[in-house]
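What follows is one structure encoded as structure tokens, with my remarks underneath.
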Amino acid sequence: MPYRQRRDKIFGGAPPCRLDRNGKHRVWARAKGLSRWNPQLRCRLITPAGMRVLEALLWRFHDADGSARCFPSYEAIAKIADCHRDTVCEAIHALEQTRLISWVHRLKRVRVLVEGVTGPQSETRVLRSSNGYQFVDTVPSCKTDSASGPPNRFNKKDGAHCRAQLLEPPVPPPVPAEPKIAAERSTAAADGAKLPVAERAAIVARMNAGVASKADWAAYERDLDARLR
């Protein structure tokens with residue numbers, strides 16, 4: 001079994017994890033892909049027991065009290081996942097290494113009686129409680145505002161805006177405007193004489209860009225015939 005690096009202990013409260021039904025299914029789909037047999041590593045990154053632990057965290061303990069938090073104890077997870085407490089510990093570390101969940105140590109303060117010089121005395125001690133878990137949803141979502149809704153949840157207004165951008169046809173490039181060469185046209189002869197230099201350059205530019213009209217092609221052919229005489 002490969003050596004597992006010791007995890008740094010992070011203490012804090014149980015942070016809320018705003019995750020809707022679609023986000024839970026995305027996390028579960030990633031976990032199912034990692035639970036398959038890996039021929040290169042010759043193992044499963046997530047065992048079947050780890051999948052049961054993740055299922056219990058996602059659909060049993062997350063948002064159980066309506067606060068979008070998840071902080072069950074190892075014993076509670078083991079009871080729902082039908083496995084041993086040590087198996088729950090190993091599964092949680094595997095889920096964190098595969099970047100499916102993250103967690104912090106929760107602390108609680110209790111008052112206990114201790115023996116003092118003058119007799120029993122009451123003092124406050126900080127004890128470690130259950131862990132606070134968060135699920136990692138790596139799929140980027142539509143732009144959302146914190147005031148309009150929680151993360152990992154599509155806003156109706158923003159979702160419609162993004163769909164409109166996807167369905168909107170691309171805007172064609174603007175057609176270059178024809179230069180003002182009326183003064184040069186007045187000086188040219190009407191019986192097929194050579195075009196002025198500026199007018200001929202403009203026609204050639206439109207032909208190269210693929211936006212030349214029939215009149216441009218006719219004027220270019222007349223100019224070519226006049227130059228070949």
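The values are calculated or read from the model by the stated rules, or taken from the named source; none is laboratory data. Remember, predicted model here, so these are calculated numbers, not experimental data. We place every Cβ from the backbone using ideal geometry, glycine too, and count neighbours over all the protein chains shown.
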Some residue of region 113-134 being surrounded by 11 or more Cβ atoms within 10 Å (Cβ to Cβ), of a type in the set (Val, Ile, Thr) and touching a strand residue (DSSP E or B) at 6+ places or on another chain (Cβ under 7 Å) | no
Tell me which residues, restricted to region 50-66, are part of a loop (DSSP other than H, G, I, E, B) and either among the aromatic types (Phe, Trp, Tyr) or closer than 16 Å to Trp103 by Cα (or both).
-> His62, Asp63
Do we find a residue being out of contact with any Ser or Thr (no Cβ under 9 Å at 6 or more places or on another chain), surrounded by 15 or more Cβ atoms within 10 Å (Cβ to Cβ) and among the basic types (Lys, Arg) anywhere in region 68-77?
-> yes
Identify the residue in region 66-109 that is of a type in the set (Ser, Thr, Tyr) and over 16 Å from Gly132 (Cβ atoms) and, among all such residues, is modelled with the highest pLDDT.
-> Thr87
Counting only residues in region 78-92 that are under 12 Å from Thr47 (Cα atoms) and surrounded by fewer than 20 Cβ atoms within 10 Å (Cβ to Cβ), the one farthest from the chain's Cα centre (by Cα) is identified as Thr87
Restricting attention to region 9-65, the residues that are of a type in the set (Ser, Thr, Tyr) and either crowded, with 17+ Cβ neighbours inside 10 Å or at pLDDT 95 or above (or both) number exactly 1
Within region 131-145, considering residues that are at pLDDT 85 or above and more than 19 Å from Ala31 (Cα to Cα), the one nearest to the chain's Cα centre (by Cα) = Gly132
When restricted to Asp86, Asp137, the only residue of a type outside the set (Gly, Ala, Ser) and part of a loop (DSSP other than H, G, I, E, B) is Asp137
